[in-house]
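Quick notes on the structure that follows.
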Amino acid sequence: MKVILLQELRGRGGEGDVINVADGFANNYLLRQGIAVRATKGELKQLEQRRGAIAKREEKRIAEAESLREQLTGTTVPVEAQVGEEGVLFGSVTAPIIAEAIKAVTGVEIDRKRVDLKNPIKTAGTHEVTISLYRDIKAVVTLTVGSADALAAEEAVEAEEEAPAEEAVEAEAEEAVETEEATE
């Protein structure tokens with residue numbers, strides 16, 4: 001059955017796309033949920049009239065997804081979990097937990113369905129997770145999974161690594177000033 005999508009259908013198309021799907025999928029899901037309408041002659045005529053408005057909305061969605069990708073890419077998100085011996089978690093880190101952690105760190109609300117997680121994370125450490133923002137636009141977020149103590153220790157180590165580098169830059173600047181004063 002041919003249908004016209006009224007919103008994005010992940011893996012199938014976006015708003016205004018005419019796609020061919022199985023009759024049962026169309027009748028039982030797409031039409032009942034208001035995700036699509038039947039592709040009749042009248043609906044196709046209306047679609048042609050609405051193409052301009054659909055294109056503007058599409059551009060806006062793509063721009064928003066691009067800005068979200070820039071904001072999320074390279075972000076490190078700590079996730080607290082109880083860790084047993086040998087780095088194995090008690091339980092697992094799932095898509096809803098990852099979405100909550102991203103929201104807590106960045107303030108960006110991500111739908112749990114957009115988190116591309118093949119299997120739940122069951123080990124402590126660093127993991128990369130892909131977030132599907134819109135159609136082919138994806139962001140990669142780094143998760144640091146561990147106990148609260150381990151995460152706090154890791155943050156302290158990172159702060160110590162940055163501090164000597166800043167002190168070295170300040171020392172070089174002071175030496176440069178002293179050298180200038182000595183040459184005058």
> Any idea how many residues of the stretch 122-139 are among the hydrophobic types (A, V, I, L, M, F, W, C) and farther than 15 Å from V105 by Cβ?
Replying inline: 3
> Of these, A39, A65, A99, which one is more than 21 Å from I131 (Cβ to Cβ), modelled with pLDDT of 90 or more and open to solvent by less than 60 Å² (accessible area, probe 1.4 Å)?
Replying inline: A39
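Quick grid of which residues meet (1) within 28 Å of the chain's Cα centre (by Cα); (2) among the polar types (S, T, N, Q); (3) under 23 Å from T130 (Cα atoms):
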| residue | (1), (2), (3) |
| --- | --- |
| Q7 | yes, yes, yes |
| N27 | no, yes, no |
| L31 | no, no, no |
| R57 | yes, no, no |
| K60 | yes, no, yes |
| V79 | yes, no, yes |
| V115 | yes, no, yes |
>> Can you name every one of the strands (runs of 3 or more DSSP E) wholly within the stretch 34-127 that holds 1 or more residues which are within 30 Å of I19 (Cα to Cα) and of a type in the set (A, V, I, L, M, F, W, C)?
In response: 36-38
> Condition test on V88, is it in contact with a Leu (Cβ under 8 Å, 6 or more places away or on another chain) and either among the aromatic types (F, W, Y) or surrounded by fewer than 15 Cβ atoms within 10 Å (Cβ to Cβ) (or both)?
Replying inline: no
>> So if I check each of G24, G52, which one is of a type outside the set (A, V, I, L, M, F, W, C) and modelled with pLDDT under 95?
In response: G52
>> Restricting to the stretch 42-58, give me the number of residues that are open to solvent by less than 50 Å² (accessible area, probe 1.4 Å) and either hydroxyl-bearing (S, T, Y) or farther than 16 Å from Q7 by Cα (or both).
In response: 1
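The values are calculated or read from the model by the stated rules, or taken from the named source; none is laboratory data. If you're wondering where the values come from, they're calculated on a predicted model, not measured in any experiment. In this analysis, Cβ positions are derived from the backbone assuming ideal geometry, glycine residues included, and neighbour counts consider all displayed protein chains. All accessible areas refer to the heavy atoms of the entire protein, side chains included, with ligands and DNA or RNA removed. Shrake-Rupley method; radii C 1.70, N 1.55, O 1.52, S 1.80 Å.
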